[in-house]
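Asker: The structure is given below, and queries will be raised subsequently.
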Amino acid sequence: MSMTLPSEIQEKLITHIRGLEKAKIVQPGYGVQYDFLDPRQLTASLESRLVQRLFFAGQINGTTGYEEAAAQGIIAGINAGLRVKGKPPFIVSRTEGYIGVLIDDLTTLGTTEPYRMFTSRVEFRMSLRPDNADSRLTFRGYTEAGCVSEERYDRASRMNATLEEGIEALKAIEFSCTKWAQLIPEATISTQRSSLLSALDVLQYQEVNMETLARIFPEPLKKFAEWRQLAQRLKIEVIYKQPVSLQRADIEEVRQDEALQLPEDLDYFAINASLSQEVREKLDSHRPQTIGAVRRIPGITPAAVVNLLRFVKVNRQRAVGIK
């Protein structure tokens, strides 16, 4: 039984359960208590706003779980090193990885209970997949954070280049639906369509994989099928092609919002913007770093976001004009 009651009370509780009247507890249930820091005091690099060059990661930020702690430790460690070297912080966006969602949730919204990184918290799950993690983060890790070896960077570069080459090779092979149905009878390809289908389109069918296509067209496709990891990537990319393309507009919108940085020392109670007292209090409490983070604060209305955005843009234009 999972509980944190005193051991003597646990023993009494157990003996009150029918059939366990004479049971003995070998190991009482227990809980671990630890200090907690409101993660809204941190920037997206996990650096404290109150004490410069002090970084926090793990349970102290309100999370539970080994993976959650490890993810924060990676980012905090990278940014501590970059801070000492005087380089810009390494920030993972919500559109780039689960780590970005985890840290953005904590630093923007805070948490009132131990935080776990559930997939349901992620808006763009179709794009943030284990198979394409190298494409999303390895190159940034190499160029910006210096935490990726040259060997891994070269391997990721080769994979990306060959993946693009494979996609183009598949696009170049086109036949009518009737012809494809003859070539791959096991696939349920409708012959009613009049338009041509590429091998890339055909790869979407459940019965078709790169090995199937390479047997029919060995000259252009054999080398892609023989690299097993690449063949799997091509199949996955094709399966998710449509939903990912539909998400791209939403991802771009979020990225634009994230690009609009808010001054860290902004006094929300003093700025000349049409904001209610309640909204000002929420903004001052959460201290969002971007317009995107403002949108995710509960209780912040779309009108308040527009008014704050207008204020920030006008002030930025004034600052540019003065320079």
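The values are calculated or read from the model by the stated rules, or taken from the named source; none is laboratory data. Values in this document were obtained by computation on a predicted structure and should not be read as measured data. Every residue, glycine as well, gets a Cβ built from its backbone with ideal geometry; the counts of neighbours run over all protein chains shown. The protein model used for the area step is the full one, side chains on, heavy atoms only, and it has no ligands, DNA or RNA in it. Shrake-Rupley method; radii C 1.70, N 1.55, O 1.52, S 1.80 Å.
Asker: Which residues, counting only those in the range 227-255, are open to solvent by 60 Å² or more (accessible area, probe 1.4 Å), part of a helix (DSSP H, G or I) and either touching a Gly at 6+ places or on another chain (Cβ under 8 Å) or in contact (Cβ under 8 Å) with a residue 60 or more places away in the chain (or both)?
Answerer: Selection gives GLN229, GLN232, ASP250, ARG255.
Asker: Next up: Is there a residue being more than 28 Å from VAL294 (Cβ to Cβ), among the small types (Gly, Ala, Ser) and open to solvent by 30 Å² or more (accessible area, probe 1.4 Å) anywhere in the range 50-67?
Answerer: no
Asker: Looking at (1) aromatic (Phe, Trp, Tyr); (2) touching a Lys or Arg at 6+ places or on another chain (Cβ under 9 Å); (3) assigned to a helix (DSSP H, G or I), which is the only condition PHE224 fails?
Answerer: Result: PHE224 passes all but (2).
Asker: Name the residue, out of ARG125, ARG136, ARG155, that is at pLDDT below 95, within 19 Å of LEU230 (Cα to Cα) and basic (Lys, Arg).
Answerer: Testing whether each residue is at pLDDT below 95, within 19 Å of LEU230 (Cα to Cα) and basic (Lys, Arg) leaves just ARG136.
Asker: Here's a check for you: in the range 2-16, which residue that is under 41 Å from the mean Cα position of the chain (by Cα) and among the hydrophobic types (A, V, I, L, M, F, W, C) is least open to solvent (accessible area, probe 1.4 Å)?
Answerer: Checked the range 2-16; the qualifying residue least open to solvent (accessible area, probe 1.4 Å) is MET3.
Asker: Hand me the list of helices (runs of 4 or more DSSP H) wholly inside the range 84-190 holding 2 or more residues that are more than 28 Å from LYS235 (Cα to Cα) and in contact (Cβ under 8 Å) with a residue 24 or more places away in the chain.
Answerer: 98-104
Asker: LEU197 is checked against (1) at pLDDT 95 or above; (2) within 22 Å of GLN242 (Cα to Cα); (3) of a type outside the set (Phe, Trp, Tyr); (4) open to solvent by less than 60 Å² (accessible area, probe 1.4 Å) and fails just one. What number does that condition carry?
Answerer: Going through (1) at pLDDT 95 or above; (2) within 22 Å of GLN242 (Cα to Cα); (3) of a type outside the set (Phe, Trp, Tyr); (4) open to solvent by less than 60 Å² (accessible area, probe 1.4 Å) one by one, LEU197 breaks only (1).
Asker: Then there's this: Taking the range 204-225 on its own, how many of its residues are within 14 Å of ILE184 (Cβ to Cβ) and either in contact with a Ser or Thr (Cβ under 6 Å, 6 or more places away or on another chain) or of a type in the set (Phe, Trp, Tyr) (or both)?
Answerer: Within the range 204-225, residues that are within 14 Å of ILE184 (Cβ to Cβ) and either in contact with a Ser or Thr (Cβ under 6 Å, 6 or more places away or on another chain) or of a type in the set (Phe, Trp, Tyr) (or both) number 2.
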